[in-house]
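J.: Below are the structure tokens for one structure; questions will follow.
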Amino acid sequence: MAAATSAAMASRALHAPPVSALRARGVAPVRSRRGAAVVAMAAPSFLISKLEASTRTHRELTFRLADPDVASDPKEFQKLSKAMGELTRVVDMYARYKECEVGVEEAKAMVKDAAGDLEMEEMAREEAAALGTEMSELEDKMTLALLPTDPLDEKNIMLEIRAGTGGDEAGIWAGDLYRMYNRYAEREGWKATILTTNPADSGGYKEIVVELKGDSVYSQLKWEAGVHRVQRVPATESQGRIQTSTATVAVMPEVDDVEVKIEDKDIELTTARSGGAGGQNVNKVETAVDLVHKPTGIRIFCTEERSQLKNRIRAMQILRAKLFELQLAERDAEISGRRKAQVGSGSRSEKIRTYNYKDNRVSDHRVQENFPLENFMNGDIKPAIGACQAMEQREQLEELNAEMSNLV
């Protein structure tokens, strides 16, 4: 009943005239006879401090972008424009929040000034209720907007899928995962380019590396890193027995040579004939590149391009991504384990999902949720990604609340 009453009040408040309109009708300055309080809870001072700081930063960025020296430097201009764009939404919400605060104060004054006019008093109360609801919603949105973001979220990625345990079925499963991600990329409007493959004898892949380019690729697919386990009757199984196989997924942010420096002395590079499709050139000319990074032992064999130069560029691109992944692993090892225990570490060795064909379900072990298998394999993995993102947000909110509590 209380919920229904609140909903009805909120609905009426949406159609109530603004406080300025009530004031224009000339209500006399006399205290209300009903005398009930009009209250709107203020946001925590900790949040207000962060919002004020964001507003100041936004203002400073606006001035800097107007500087002719910045405008003449495309790289700096793009960097500052992006930073300002990230702040604009929260700054706009905060500006609206302050407008609502003023509106609530005006509504409270109108209740006092209603001079016994019950209709005017009720309209003012409804206006205050609507503004209070909006303030509460804005507070939630602003809190989420201020949560820390991963600086890598906007990057493109290298998606590496490797067959794990399970023999021929593991290679087939790696191929199924590739098709699943390719379908998801199509849904999102991303561009997928195969960089290197190592086909399995019975179909699928021993290993495949794909470049994915588009909006916020890493922010979505970073949750896919880990071991994907499948339970099903393999096509190669004549007795109808269910087999468990695995494939490992690595999600590597794309980086340039400035972010990861590779010394020439650390590289051992040889060439070979690619073979396969592509005409006589790939069969007669050594277009394939076999690259080894001596300090780490990472080896990359790249054959997808039709020229040696292009394959070398691709191999170096993959190597930079792999080295950057190692750097990220070292960084993450220093982070508190509490969040990783909930959402997952994102490491190659962590078992993140089980795909059960008999029960037609996908179980995500990090969020303890199940999803329809057929939809999932057709590229509908958004619900699982959203569940992981929501869990991370809850963890960040807990940390923020703890930080706020320590300041009280």
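The values are calculated or read from the model by the stated rules, or taken from the named source; none is laboratory data. Keep in mind that what you see is a predicted model, and the values were worked out from it rather than measured. So basically every Cβ, Gly included, is an ideal-geometry build from the backbone, and we count neighbours across all protein chains shown. Accessible surface is based on the protein model in full, side chains and every heavy atom, while ligands, DNA and RNA are left aside. Shrake-Rupley method; radii C 1.70, N 1.55, O 1.52, S 1.80 Å.
J.: Please work out how much accessible surface residue 313 shows to a 1.4 Å probe, ignoring ligands, DNA and RNA, in Å² rounded to 10.
T.: Near enough 100 Å² of accessible area.
J.: With the dipole of region 127-273 worked out from charges on the C-beta (+1 for Lys and Arg, -1 for Asp and Glu) around the Cα centre, which of 198, 146, 252 lies farthest toward the positive end?
T.: 198
J.: For a quick check: with amide H placed at 1.01 Å from N, whose amide H comes under 5 Å from residue 254's, ignoring anything fewer than 5 positions away on the same chain?
T.: Amide H neighbours of residue 254: 156, 157, 158.
J.: If you don't mind, another one. Filter the trypsin sites (Lys or Arg not before Pro) in region 225-255 down to the DSSP loop ones having no more than 12 other Cβ atoms within 10 Å, then list what survives.
T.: Loop-located and lightly packed - 241.
J.: Label points 7 Å out from Cα along the Cβ direction at residue 368 and residue 350: separation in nm?
T.: 1.7 nm
J.: Next question, about the same structure. Subtracting the Cα-Cα distance from 0.36 nm times the residue separation, let me have the gained length for residue 243 to residue 266 in nm, one decimal.
T.: So the chain would gain 4.1 nm between residue 243 and residue 266.
J.: Only four residue types carry charge here, +1 at the Cβ of Lys and Arg and -1 at the Cβ of Asp and Glu. Report the dipole size of region 82-154 about the Cα centre in Debye, rounded to the nearest 20. The partial results should precede the final answer.
T.: Numbers: 8 positive and 20 negative charges, 57 e Å.
With Lys and Arg at +1 and Asp and Glu at -1, about 280 debye.
J.: Identify all lysines with a Cα-Cα distance to residue 322 below 22 Å; exclude those on the same chain that are fewer than 8 residues away in sequence.
T.: Hits, sequence-local ones excluded: 155, 191, 206, 213, 222, 261, 265, 294, 310, 340, 351.
J.: Within region 216-241, whose backbone N sits under 16 Å from a point 7 Å along Cα→Cβ of residue 78?
T.: Residues 216 fall inside that zone.
J.: Quick one: which of 303-310, 68-75 comes out on top by average Cβ neighbours within 10 Å, and what's the full order, highest first?
T.: Output ranking for 303-310, 68-75: 303-310, 68-75.
J.: Return the distance in nm (one decimal) between the two label points of a simple spin-label model at residue 69 and residue 118, each offset 7 Å from Cα along Cα→Cβ.
T.: 6.9 nm
J.: Here's another thing I want to ask about it. When the label point is put 7 Å from the Cα of residue 399 along its Cα-to-beta-carbon vector, which residues of region 138-181 have a backbone N closer than 13 Å?
T.: Output list for this probe position: 147-151.
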